Amino acid sequence: MKTFALLIAQLGASTKTNEKLDALAEYFATAADPDKVWVIALFSGRRPKRVISSAFLQLWCMEAANLPAWLFEECYHTVGDLGETIALLLPPANRERSDTSLSSVISRLMTVEKEEERVKKAFVMDTWMQLDKDERFVFNKLLTGNFRIGVSQKTIVNALAKTIQLEPSVIAHRISGNWDPATTSFETLLSEKSSAADHSKPYPFYLAYAIDGEVSAIGNEEEWQAEWKWDGIRGQLIKRNHEIFVWSRGEELMTEKFPEYHALKNMLPEGLVLDGEIIPSIENKPLPFALLQTRIGRKNVTGKNLREAPIAFFAYDVLEYNGNDFRGQPLSARRVLLEEIVSAVNHPVLIISPVIEFTSWDQLENIRSGSRDMGAEGIMLKRKSSAYQVGRRVGDWWKWKVDPLVIDAVMVYAQKGHGRRSNLYTDYTFAVKDGDRLVSFTKAYSGLTDKEFAQVDAFVKKNSLEKFGPVRTVKPELVFEIAFEGIAASNRHKSGVALRFPRINRWRRDKKPDEINTLEDLKKLLQAYGK
Amino acid sequence: MQLIEFTDKGLYCSAGDFYIDPWAPVDKAVITHAHSDHARPGNAFYLCHTQTAPVLKLRLGDISVQTLEWNEPVYINNVKVSLYPAGHIIGSSQVKVEHNGEIWVVSGDYKIENDGLSGTFEPVRCHTFISESTFGLPVYHWKSQQEIFADIRQWVTGNQRAGKTSVMIAYSLGKAQRVLKCIAEITDRIFVHGAVWNVHQALLAAGRALPAVQRITPETNKSAFKNAVIIAPPSADGTPWMKKFNPYSVGVCSGWMQIRGNMRRRNADAGFALSDHADWEGLLTAVKETGAEKVFVTHGFQSAFSRYLNENGIRSEEVKTAYGGEEEEQEKPSTSKEQEEEIAGGDI
């Protein structure tokens, strides 16, 4: 745990990608193989199964540190991270302590899964007392299954490439997909043989950057293919070995969540990988993202779900055909193949994402302004000659989103943030006017600079009216422009609406609280775009 | 009527007609220490510890000031006032106020551990204690100065091996002198920012012994900084002024560095939780040792600390003051900037 804790500390303290890369490469060059496998797994979102609830961890920590629950809560809201709070509150470790490897801690953790609470508690308390503050922190992170430390897949892949003789794109492919770190050795994970044996394995996604500035700067119109940018979940639909697999971009295997796709199992040709959008749709028309959310959170899909939010797959690329990797082919050729495949299947669940015909950038800009009516959030531009690359790359694929919807609102509640916003009021709730009263309608956590956050934080501390647990009610005085991508009706919110991707667009220091938008304005937006 | 009242100008003793650390101009101000949120300009008369006066004058200019040693009582309108070491920074004092057999103590800012510079915190028996609570949560638990100094030295040595300049970010009054003492044991190539330099000179002039430092001026040759240690105030962190030290590594010295998120927010290469305030245990120890029946808790995590005291049999109440921010006495870049600029006389 010592070397792993050191790695996490180095990654956490570093702000430069190169330093993170060096720290990881150093780790991969020196750590034991089973530990390396776990590090790859943890940093690519494959965490050990959660076997102990955080409520218990909290309870045992309070007991060990002899603290009342309210004080623990207070600490947690200030620190903004449960694992770290516990690490800071526990009494000092035993003097005589031995170092246990990352993989053996995890395997011990998995053996207590089925044990009763008493055994789990003994294991956790015992381990805590063997670890120093930094090691406790990473141990708690293993327990709570949450390892967000700002290392991209690309950085991990590049760090691995420094120690093993493989191309980064090959490594990216081999560490993706369906493998269990508990039973996979470092060698098997990266070997060609096992990679070929895994029928479910997706390809690394090719991601686009946003167009910044004039669209004409990317080149001549005739070199580009335009499509709608759908607002669903990016996914790969795979048919191999007579089975069907659906992966999300977050590398989550989602096959079981979307039974609709099973209908395609016997219709898709063998050895096929399609890239596209998982999206609810009725009669080829996409439905709002909010409906998709009613599906992804659920363990069991009901008949009602299937009727109200039927899922389709909007295909826009073919990566593998007849078992052959087609990613190196130009998009224009892949597109022809894709159209053939989709029309041969001829099933309402598999829809081709249409190409938008245009002859000038001005014309396309005009078409783009109608994106919301199409259920899209803008336009994708892909170079016709482009190969399907790995990860986010500049040059061949661009997203060109419509301007967000905006509304002016006043801040009414504030809460302290997490991570690097620890102990700062950075999480705000906003309200619009409804006659004389204010109606809260959204939270937003991002969009201000560090300096602005510091100023708002100071305002909150001086102007908080009441305290409800971690939440402060704040004098409604600061006005912000809130931007969002979509709006849907919701009975879970007082205001009756739910926003998609709300964030702070800018601080309207020029506006007074009585100049903000009204609930009526919100409802008009709902009518226009909420469908 | 309380011996000390909480007014909109600050802590006020009506029997003696004087204020302690007022935040609006008054006739008579007793000052606990020279940090700008406790010692403000515009008072007609100042009373403080002998070692506080030099920096007070540096910051506030030509003021009328009377100085006292620790435990050397004076009477202000028949109210007995005496100072006791608070251990926070050089000269920092608790103020003991006695009248008609009733004793109140105002802590100002304090820490329990003896840092070898600021005097040893001395618990003073009293009926009512007014305590700060900057780090009044149990997550704040400091390593000993010795351990942190070892961490700092190890970091500086590592930077030297990597051919990097070590830039230590520390408040120019208090923290900077502690850091200086720490690193003077491993190097004599120590350069300081103008704000740190000015405090350094004032302390030297007042007879304090401090390790030698060199002031950084636009004329200082860049090659001199190679592998050296720089001490600079928080206001200098991240400014173009730092460019001349390239390649360098930044280490921030502050109790806030206890929390990872704060360190990441500061973009520091290293954080050292070296504080001039008491940690949770320190606050509890101090409160208990005063034997006070009633404790007023000011600037910091006052609601949590006060509630904890009440639940543990010590009568307590929280008080709003204008010291520090709500709970970020010195974390705010804005506050520190003002403070540092004042000390520097605009010479950043």
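Find how much the distance from A:V406 to A:A65 grows on full extension, using 0.36 nm per residue of separation minus their present alpha carbon separation; answer in nm with one decimal.
Contour length minus Cα-Cα distance gives 118.0 nm.
Which whole-number percent gives the relative contact order of region A:408-468, counting Cα pairs below 8 Å spaced six or more residues apart?
27 percent
Taking 0.36 nm per residue of separation and subtracting the Cα-Cα distance, what length does fully extending B:R153 through B:K222 add?
Contour length minus Cα-Cα distance gives 22.6 nm.
Given R₀ = 45 Å, FRET efficiency for A:D373-A:L465 by Cβ-Cβ distance, to 0.05?
0.60
Ranked by Cβ crowding within 10 angstrom, fewest neighbours first, how are B:I20, A:I341 ordered?
A:I341, B:I20
Using the count of nearby Cβ atoms within 10 Å as a rough guide to exposure, how do B:V65, A:V432 rank from fewest to most?
Ordered from fewest to most neighbouring Cβ atoms within 10 Å, B:V65, A:V432 come out as B:V65, A:V432.
Semi-axes of the equivalent ellipsoid for region A:470-531, please: Cα gyration tensor eigenvalues, times 5, square-rooted, ordered largest first, whole Å.
After scaling each eigenvalue by five and taking roots: 22, 15, 12 Å.
Take each of the peptides A:170-181, B:171-182, average the number of other beta-carbon atoms within 10 Å over its residues, and list them starting from the highest.
B:171-182, A:170-181
I'd like the distance between the alpha-carbon centres of region B:64-89 and region A:123-185, rounded to an integer number of Å.
About 58 Å separates the Cα centre of region B:64-89 from the one of region A:123-185.
Over the whole of B:299-306, what's the average partner chain Cβ count within 10 Å per residue? Rounded to a whole number, please.
Average per residue, whole number: 2.
Return the ratio Rg/(2.2 N^0.38 Å) for chain A, where Rg is computed over Cα atoms only.
So the Cα radius of gyration is 1.06 times the expected 2.2 N^0.38 Å.
Using the charge dipole of the protein assembly as shown (Lys, Arg: +1 at Cβ; Asp, Glu: -1 at Cβ; taken about the Cα centre), state which of B:Y308, A:P348, A:A64 has its Cα farthest towards the positive end.
A:P348
Using per-residue counts of other Cβ atoms within 10 Å, averaged over each peptide, order B:114-121, B:260-267 from highest down.
B:260-267, B:114-121
Report, in listed order, any pair from A:K36/A:K201; A:K133/A:K443; A:K433/A:K511; A:K462/B:K57; A:K461/A:K512; A:K133/B:K288 with a Cα-Cα distance greater than 22 Å.
Going by Cα-Cα distance, A:K133/A:K443; A:K462/B:K57; A:K133/B:K288 fall outside the 22 Å limit.
With an 8 Å cut-off on Cα pairs and a minimum separation of 6 or more residues, tell me the relative contact order of chain B in percent.
17 percent
Average partner chain C-beta neighbours within 10 Å, per residue of A:416-423?
5
Listing B:V74, A:V410 from the residue with the fewest other Cβ atoms within 10 Å to the one with the most, what is the order?
Ranked by crowding around the Cβ, least crowded first: B:V74, A:V410.
What ratio of Cα Rg to 2.2 N^0.38 Å holds for region A:206-401?
The value comes to 1.01.
Sum up the charges of everything whose Cβ sits under 10 Å from the Cβ of A:L11, counting Lys and Arg as +1 and Asp and Glu as -1, but leave A:L11 out.
0
Only Cα pairs under 8 Å and at least 6 apart count here; give the relative contact order of region A:2-144 as a rounded whole percent.
Normalised by residue count, the contact order of region A:2-144 is 35 percent.
Which whole number gives the average count of other chain Cβ atoms within 10 Å of the Cβ atoms across peptide A:64-71?
3
Of all GluC sites (Glu not before Pro) in region A:481-515, which ones are in loop regions per DSSP and have a Cβ with at most 11 other Cβ atoms within 10 Å?
Passing both the DSSP loop test and the Cβ count: no residue.
FYI, it's all coordinate maths here, none of it is from the lab. Values in this document were obtained by computation on a predicted structure and should not be read as measured data. When we count neighbours, we look across all protein chains shown, and the Cβ atoms used for this are built from the backbone with ideal geometry, even at glycine.
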